Amino acid sequence: MLVSDVLARVGSKWSILVIGALGQGPRRFNELKRDVRGISQRMLTLTVRGLERDGLIERTVTPSIPPRVDYSLTGLGRSLLAPVSALGEWAVENRAAVERARLAFDKDA
């Protein structure tokens, strides 16, 4: 596996938001969908499957009627919380500056 493959997974917008949501504790699928605003059901399904495949989250099925499925971070996933949080904080702190840069660029284009 190439480093670019890992970065593609952990650097995607949806992966970052799902990891951030799971940093607050285990979530059921619909809870994740509510927490990650704007994500479609299909994209959330693809994202959690990819994160599970890469060992960042785990899926736990509790036998009940209907079955209860919870998603939580693995140790590897928890190790991403600090970088993901730092990136999120940077985005919040610099959102206005990025918007100003975009407006200036678009005006000159």
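What follows draws every value from the coordinates through simple rules; no lab data is involved. The shown structure was predicted, so the numbers you read here are calculated from the model rather than taken from an experiment. As a convention, Cβ positions derive from the backbone with ideal geometry for all residues, glycine included, and neighbour counts pool all protein chains shown.
Values computed for the structure shown
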| item | result |
| --- | --- |
| Ranked list, fewest to most other Cβ atoms within 10 Å of each Cβ, for L46, L51 | L46, L51 |
| Debye intensity ratio I(q)/I(0), log10, the chain, q values 0.16, 0.17, 0.24 Å⁻¹ (C-alpha model) | -0.77, -0.84, -1.33 |
| Peptides 76-83, 91-98, 6-13, 62-69 ordered by average Cβ neighbours within 10 Å, highest first | 76-83, 6-13, 91-98, 62-69 |
| Candidates S15, S40, S85, ranked by Gaussian network fluctuation over the chain, Cα under 10 Å, top entry | S40 |
| Linear extension gain, S4 paired with E93, 0.36 nm per residue minus alpha-carbon span | 29.3 nm |
| The stretch 1-80: relative contact order in percent, alpha carbon pairs under 8 Å with at least 6 residues between | 31 percent |
| Separation of the F29 and R59 label points, Cα + 7 Å toward Cβ, nm | 0.8 nm |
